[in-house]
There are 2 protein chains.
Amino acid sequence: MSHLLRINGQRLVDSLFELGRCGALEGGGVCRLAATAEDKAGRDFVVARMKALGLAIRIDAIGNVTGIYAGEQDLPMVMMGSHIDTVATGGLYDGNYGVMAGLEVIATLQESGIRPLRPIAVTFFTNEEGVRFQPDMMGSVVFAGNYPLEAALAAKDRDGITLDEALSAIGYKGKHKPGDMAVDSYVELHIEQGPILDREGTDIGVVTGVQGISWCEFTLTGVSNHAGTTPMAMRHDAGLVAAKIAVFARDLAKEIGGHQVSTVGHMTFKPNLINVIPNHVVMTVDLRNTDNAELIRAEKRLKEYVEKTAQEERVTVSSRSLVRFNPVIFAEDIVTAIQAEAESQGFSHRCLPSGAGHDAQFMASVCPAGMIFVPCVGGVSHNIHEHTKPADLIAGGNVLLQVILERAQRAA
Amino acid sequence: MSHLLRINGQRLVDSLFELGRCGALEGGGVCRLAATAEDKAGRDFVVARMKALGLAIRIDAIGNVTGIYAGEQDLPMVMMGSHIDTVATGGLYDGNYGVMAGLEVIATLQESGIRPLRPIAVTFFTNEEGVRFQPDMMGSVVFAGNYPLEAALAAKDRDGITLDEALSAIGYKGKHKPGDMAVDSYVELHIEQGPILDREGTDIGVVTGVQGISWCEFTLTGVSNHAGTTPMAMRHDAGLVAAKIAVFARDLAKEIGGHQVSTVGHMTFKPNLINVIPNHVVMTVDLRNTDNAELIRAEKRLKEYVEKTAQEERVTVSSRSLVRFNPVIFAEDIVTAIQAEAESQGFSHRCLPSGAGHDAQFMASVCPAGMIFVPCVGGVSHNIHEHTKPADLIAGGNVLLQVILERAQRAA
């Protein structure tokens, strides 16, 4: 019975450590920036695994690699996936876990002699992290047709090398048109990269969607003056306005409530001297919400506050939007299936939105999509100390296995 | 009659432009950092003027230079002075004005055949600005015996050169012991370096004292986490605490009132990324007040707020005092004399404290001391666009002339 089917947990964990040798850093962690020699080593490792499983391999023009386990019928495929590129000081799990667990799912099915009705695929998307080339989640956004292939290929790194050149150099600029395959559904298994599951001791996160993201940069211009000789009433202090905005941003998250989060991560003062009133501040506000109407409300409230506060101090303000993604809501039947499977396997579980961006958010515009989260210790990610306990990795893999198998057995 | 005596205004203004050629910057302004070749050129220029006036020249071991016009009696001298070193992008007036006006006063007396009862001196103090060597106001603090000569001479610039070496190299390490002269009183004429006189259209600032200064640096340590995945309630945001402190610092100035000013000029976020909660912030708070009890109250209120606010966010905080000077109150008879003289010459005048530090604040511990301010356009100083109208320069010089002459005619 397929419900007694379980992945080979040790093999999954081992495969993550093996992949982690590609671009390994001294002291732990990995550095596999997109389309570098290290990324090539990681890609070659995963492709070799795909070939060992007898998968048909398709590489598209943006370097996305899909390994397909043929089904009994030529129906749209059920896809698992994620990415294997990392940040400069990445861990072993972010992205890699979803890819290696996908291959483990296929290996488990094959060993049990199960050929599903539909093809089952594993894809790793190019440049999810967006460290070397921007924008991030590039492979999936191009796959979904939401960003032009030509623009993505023309993106340059700091040395002026285009992604097109870099992909060609490592032999991963494929011939297929991105997105040119029939996909029935997409499920991405990922570490949470946040503290909620770990803090609560919950085994499985049933991801309901991805928060919408709004990044705004404000440039505040006041007048630089002597800290001792300038009366308070005569000041045009860009730093004070920036500080007020940062305090407001926190209050705003409380005011909006729900899933609203708000962060001032970047702030640069000029001239940044103890005894000089700052005349120039650049700062960012990162707003996220699962509800687009609420996110729009937060943006509006912030904008009003910034204008009012700058005016009171007679500081001028210019702003620009750096990033704006609408929230994504995952397919109800996939969310329900993940929930039911976690329950039936006896795992504690909870619904939660993803606070970070993932390839699944673009795949959600291609087909019904969903995500499964497992805890990561302390919520730490993008860090060489990123860690998820083997038992959690295996739990996630087993939930994925059953959800995928069930979807792959659906008739046309 | 001495009350009809007036300085040669054109000569004073010309002398400032001549001195301004030493270390002149393209586009205007000057750069004469302490004990550099440019400073030597400026010193040589002023010493040549002193010699032309027949003054006896004394150079002390910290490089302070005093030119003395002998009096009829060997009584303690009446001293004028300031500094001729500048910041990297300095103007023509800051410091230089007090020195050149002092020489103009002596020239005027000589031309009128007046030899005063007491000696009249002009001193320029070494390294008032404190850009190349710290602390600032070095020549006067050593002169006053408030800072050890050896420590000052051992101060190193960024290239590891000591002030001792630099002074010797330019030939201005003198043999006299700093402060080893009998000074009856000290009057420093200076541009305001603030906006008050210019904004009000007041001719003469009667300086009542120098604000006490308290500089505190706070280092805030929180936890760096993902801006999307970390719920608001789980954050330990060092940036938020810093912003709250900056807002509080402004409110505090209002709460304390009077002459209290408060500035957050320096703030550095780490990692300073849009989508990462800052885990490390270094910031400074500059508090100044003319009343030491009020300054102490402000320091206490700030400290309490910082501790409470850091604790609420579970951010740790360490603090260190960078600078702490008590307020200085100038001698009442000198303040009154400046006021009376401005009035009698028909100038509009007002009392105000100095928000910036000056050599006079250390001379106030040696003898009765005072300062005269003249407006500077827009309050702009430490800037190549620093400017004071010739009429204002001349007005200040004439007030100085009469105040000095009156004090120099006092019998023992």
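A few points about this structure:
- From the options B:ALA48, B:ALA52, B:ALA24, B:ALA37, residue that is surrounded by fewer than 21 Cβ atoms within 10 Å (Cβ to Cβ), of a type in the set (A, V, I, L, M, F, W, C), in contact (Cβ under 8 Å) with a residue 12 or more places away in the chain and in the same structural domain as B:TYR147 (by TED's automatic domain parsing): B:ALA37
- Filter pass, A:SER214 being in contact (Cβ under 8 Å) with a residue 24 or more places away in the chain, part of a strand (DSSP E or B) and hydroxyl-bearing (Ser, Thr, Tyr): yes
- Tally of residues being touching a Leu at 6+ places or on another chain (Cβ under 6 Å) and either under 16 Å from A:ASP157 (Cβ atoms) or among the charged types (D, E, K, R) (or both) across segment A:18-35: 2
- Any hit, segment B:269-279, residues being within 20 Å of B:LYS303 (Cα to Cα), buried (at least 21 other Cβ atoms within 10 Å of the Cβ) and within 9 Å of another protein chain (Cβ to nearest Cβ): no
- Test for A:LYS173: is it among the charged types (D, E, K, R) and within 11 Å of chain B (Cβ to nearest Cβ): no
- Taking segment B:349-384 as the range and being in contact with a helix residue (DSSP H, G or I) (Cβ under 8 Å, 6 or more places away or on another chain), farther than 17 Å from B:GLN211 by Cβ and surrounded by fewer than 21 Cβ atoms within 10 Å (Cβ to Cβ) as the test, the residues that pass are B:VAL366, B:PRO368, B:VAL377, B:GLY378.
- A:HIS259 vs. criteria modelled with pLDDT under 95 and either basic (Lys, Arg) or buried (at least 19 other Cβ atoms within 10 Å of the Cβ) (or both): yes
- Failed item, numbered, when A:VAL403 is tested on (1) more than 20 Å from A:THR123 (Cβ to Cβ); (2) among the β-branched types (Val, Ile, Thr); (3) at pLDDT 95 or above: (1)
- Residue check, A:GLU332 loosely packed, with under 15 Cβ neighbours inside 10 Å, within 14 Å of chain B (Cβ to nearest Cβ) and either touching a residue at least 60 places away in the same chain (Cβ under 8 Å) or not hydroxyl-bearing (Ser, Thr, Tyr) (or both): no
- Top-ranked residue in segment B:286-297 [being in contact with a Ser or Thr (Cβ under 7 Å, 6 or more places away or on another chain) and more than 9 Å from chain A (Cβ to nearest Cβ); ranked as farthest from B:TRP215 (Cα to Cα)]: B:LEU295
- Within segment B:340-359, the set of residues being free of Cβ contacts under 8 Å to residues at least 60 places away in the same chain and either hydroxyl-bearing (Ser, Thr, Tyr) or part of a loop (DSSP other than H, G, I, E, B) (or both) comprises B:GLN345, B:GLY346.
- Answer from A:ALA152, A:ALA169 - the residue that is touching a residue at least 40 places away in the same chain (Cβ under 8 Å), in a helix (DSSP H, G or I) and either over 27 Å from A:LEU322 (Cβ atoms) or out of contact with any helix residue (DSSP H, G or I) (no Cβ under 6 Å at 6 or more places or on another chain) (or both): A:ALA169
- For the residues A:ASP74, A:ASP94, the requirement of being touching a residue at least 24 places away in the same chain (Cβ under 8 Å), surrounded by fewer than 17 Cβ atoms within 10 Å (Cβ to Cβ) and more than 24 Å from A:THR162 (Cβ to Cβ) singles out A:ASP74.
- Which listed residue, of A:ALA227, A:ALA233, is surrounded by 21 or more Cβ atoms within 10 Å (Cβ to Cβ), out of contact with any Cys (no Cβ under 9 Å at 6 or more places or on another chain) and not assigned by TED's automatic domain parsing to the domain that holds A:ASN96: A:ALA227
- Residue match in segment A:171-181 (condition: in contact with a Leu (Cβ under 9 Å, 6 or more places away or on another chain), surrounded by fewer than 19 Cβ atoms within 10 Å (Cβ to Cβ) and either among the acidic types (Asp, Glu) or farther than 16 Å from A:GLY67 by Cβ (or both)): yes
- For segment B:234-268, filtering for residues that are among the aliphatic types (A, V, I, L, M), more than 26 Å from A:GLN260 (Cα to Cα) and at the interface with chain A (Cβ under 7 Å from one of its Cβ atoms) leaves 4.
- Residue match in segment B:281-295 (condition: hydroxyl-bearing (Ser, Thr, Tyr), more than 15 Å from B:GLY239 (Cα to Cα) and surrounded by 21 or more Cβ atoms within 10 Å (Cβ to Cβ)): yes
- Qualifying residue in segment B:311-318 (condition: among the hydroxyl-bearing types (Ser, Thr, Tyr), away from chain A (no Cβ under 14 Å) and under 15 Å from B:TRP215 (Cα atoms)): yes
- The set of residues from segment B:5-20 being over 21 Å from B:GLU341 (Cβ atoms) and either surrounded by fewer than 16 Cβ atoms within 10 Å (Cβ to Cβ) or touching a Lys or Arg at 6+ places or on another chain (Cβ under 8 Å) (or both) comprises B:GLN10, B:ASP14, B:SER15, B:PHE17, B:GLU18.
- Restricting attention to segment B:105-128, the residues that are under 14 Å from B:LEU405 (Cα atoms), buried (at least 24 other Cβ atoms within 10 Å of the Cβ) and among the hydrophobic types (A, V, I, L, M, F, W, C) add up to 5.
- Annotation note: of A:GLY222, A:GLY209, A:GLY194, the sole residue that is in contact (Cβ under 8 Å) with a residue 40 or more places away in the chain, farther than 29 Å from A:SER318 by Cα and more than 7 Å from every other protein chain (Cβ to nearest Cβ) is A:GLY209.
The values are calculated or read from the model by the stated rules, or taken from the named source; none is laboratory data. None of these values were measured; they are calculated from a predicted model. Please note: Cβ atoms are built from the backbone with ideal geometry, for glycine as well, and neighbour counts cover all protein chains shown.
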